[in-house]
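Before any comments, here is the structure.
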Amino acid sequence: MTVYVPEEFTSDEEDVLRRYFTNLDGPVFALVNLPEVVKGALFARYSRSAKSLRRLFLDEFVNDLDIEGDESIDATMGLERAEELYERVFLEYGDDSVAQLGGVHLACEQASNILTKILEWGRLMSYLEQSTRYISYDARLGGRYRFYRDPDVLASQLGTRYVGDMDRMFDAYSSAVNTVTNHVRDTIPRDPDDSEFIYRQATRAKALDATRGMLPAASLSNLGMYGTGQAYEALLLRMRAHPLPEAQQYSSLMLHELRKVIPSFLRRVDLPDRGGRWIDYLATTRADTTELVDQLFGGAPVEPAPEVALVDFDPDAEDKLLAAICYSRSNLPESTLIERVRQLGVDERVALIRAYVGERGNRRHRPGRAFERVDYRFDILSDYGAFRDLQRHRMLTIEWQSLTPNHGYHRPELVEGSGAGGMFDESMDRSARLFDALRERFPEQASYAVAMAYRLRYVMQFNAREAMHMLELRSAPQGHPSYRRVALEMHRLIGERAGHHAIAGAMSHMTTQAPELERLASERQAEARRGG
């Protein structure tokens, strides 16, 4: 059984595609010879479509492009002569900054929801991942459900059980989506001013939100990435050092395609004395640390914990913020400014923050870098679905533990209200039992079995400026209830637990209440843009 399902195109379609994509049948490919705005638009549409990127390009984009002058181009041939341009500077002199000057749009398809988190680790890259909110994941790919089939697991005695249990989990998800959708439409009437299309889209999105926790982490996703040569080099080295076999195998597919576009920037990846040593270093430190931590703390009981805990903050943060606000407008050293602001009265302190924050017309109007003087660290225990959305924020530090069923799961009230609660619980039990069967022989692959409703523990550390961006965005009414709950609790803890009332108050675009149909306003706006 093949790991990846190849796409099929007509000969005419292949003639068009080979001008713009570095291969026509693999899950990883680069986009070339297209305007940057077209690449960006493709990725934006990609995140909300069940189609592959190449099929999406053929169906929705190619007819709007002038491709008459591109007939002789064949992007699948790769580059023969580009190596010489930067080789002397990059290899002989080791100037890493050269590799920051060339970038690639790369499509990564049929990746598990474990692998996507590895792909999205780097801060200096951009990502658009296929949404679970607009696409029903019960659509089959090549006649089979969309979950990752690890070759080693399939070749083992557990292979048949793995496929069978995954199929049953997807069957349950498909049935629950329909049950919850019908329940939502039975209990939330359509506004007479809304079209049937808007109503059906919004109600379907609500059902998909409620049931996505039934999907296993093995579920396949499509991901669009953009990064520089230097960022890709770091990513490939991390993937080759990672213990998950899928990550190691996928890195080879990525390297093959990237070398067709930016070969010189990636020469060091598989050189034994360069990338090889780096990979060994990453793998060795990871393994040694894991072993020692297990010796020191393995088997320790895990106490119950809240969903969100503020574990570290600076009691003097607002004094430091005020000094940072003044710093670039003053000629005084920071130590003097901190002493001076401590002597200010309440009215003066409030006036400084108000002047710096200003009138924020919308959440994109954010104050400057003085807010980066203040840091918060949160320990979070949320369902995996919420984690996969929050993890994509890059201006922060995030570390997560292994995905297991050991912390229990979150079942949305809507699922229970629809009558699908028993089906949900049965699927969670199947997920946990499959994990237990896999974990001894396949400790890395066992997480594929874990449903996204199960909780994962992770830590997030970020400054107040990033908090303003992330918490206001993730508390928006159209957001998923799981991460909205996390964002609102973080904001509350900043104000009440840390006592940073002025900082919490500056986040004036937090949304505490959400409508019954979270996506309704967005669907109305989308229809208005389409011209009704």
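Tabulated data
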quantity	calculated
Segment 48-58 - phi-based ³J(HN,Hα) in whole Hz, Karplus 6.51/-1.76/1.60, Gly and Pro as x	10, 10, 7, 7, 5, 5, 5, 5, 4, 4, 5
Lys, Arg +1 and Asp, Glu -1 on Cβ, resulting dipole of segment 379-510 about Cα centre, debye, nearest 20	300 debye
Equivalent ellipsoid dimensions for segment 344-483 as semi-axes, Å, which come from the Cα gyration tensor, largest first	40, 19, 11
Average accessible surface area per residue within the chain, 1.4 Å rolling probe, Å²	47 Å²
Chain lengthening between Glu307 and Leu473 when straightened (0.36 nm per residue, less Cα-Cα)	57.8 nm
Inter-centroid distance (Cα atoms) of segment 287-319 relative to segment 427-495, Å	16 Å
Electrostatic dipole magnitude of the chain [Cβ: Lys, Arg +1; Asp, Glu -1; Cα centre; debye, to 20]	980 debye
Against the rule of thumb 2.2 N^0.38 Å, how large the Cα Rg of segment 244-321 comes out	1.82
Segment 165-206: Rg to Rh, with Rh as the Kirkwood radius over Cα pairs	1.14
Net length gained if the chain between Leu124 and Ser156 were fully extended (0.36 nm per residue, minus Cα distance)	7.6 nm
Rg(Cα) / (2.2 N^0.38 Å) computed for segment 187-241, rounded to two decimals	1.96
Intensity falloff of segment 213-259 expressed as log10 I(q)/I(0), Debye formula with alpha-carbon point scatterers, at q = 0.20, 0.21 Å⁻¹	-0.75, -0.81
At R0 = 25 Å, FRET efficiency that the Cβ-Cβ distance of Gln401 and Leu101 yields, to 0.05	0.10
Distant-in-sequence amide H partners of Ser382 (H built 1.01 Å from N, under 5 Å)	Leu456, Tyr458
Euclidean distance of C-alpha centroids, segment 231-272 and segment 128-193, integer Å	31 Å
Length added when fully stretched, Glu196-Ser252, from 0.36 nm per residue minus Cα-Cα	15.5 nm
Efficiency of FRET from Cβ geometry, Arg529 and His501, R₀ 51 Å, rounded to 0.05	0.85
Percent RCO, i.e. relative contact order, over segment 376-512, from Cα pairs under 8 Å lying at least 6 residues apart	35 percent
Phi to ³J(HN,Hα) by Karplus 6.51 cos²θ - 1.76 cosθ + 1.60 over segment 259-271, Hz, x for Gly, Pro	5, 6, 10, 10, x, 5, 5, 10, 5, 7, 4, 10, 6
Segment 366-405: translational diffusion in µm²/s, Stokes-Einstein, Kirkwood Rh over Cα pairs, 4 °C, 1.567 mPa s	104 µm²/s
Entries of Lys117/Lys206; Lys51/Lys260; Lys206/Lys320 with Cα pairs more than 31 Å apart	Lys206/Lys320
Global form of segment 147-262, assessed from the alpha-carbon gyration tensor, a/c cut-off 1.5	oblate
Whole-number percent relative contact order across the chain, with pairs defined as alpha carbons under 8 Å at least 6 apart	18 percent
Hull volume in cubic angstrom per residue (convex hull over the Cα atoms of segment 418-514)	139 Å³
Calculated SAXS-style log₁₀ I(q)/I(0) at q = 0.12, 0.14, 0.21 Å⁻¹ - segment 266-373, Debye, Cα scatterers	-0.77, -0.79, -1.12
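The values are calculated or read from the model by the stated rules, or taken from the named source; none is laboratory data. Small disclaimer: the values here were computed from a predicted structure and weren't measured. Ideal geometry is used to build each Cβ from the backbone, glycine not excepted, and the neighbour counts take in all protein chains shown. All accessible areas refer to the heavy atoms of the entire protein, side chains included, with ligands and DNA or RNA removed. Shrake-Rupley method; radii C 1.70, N 1.55, O 1.52, S 1.80 Å.
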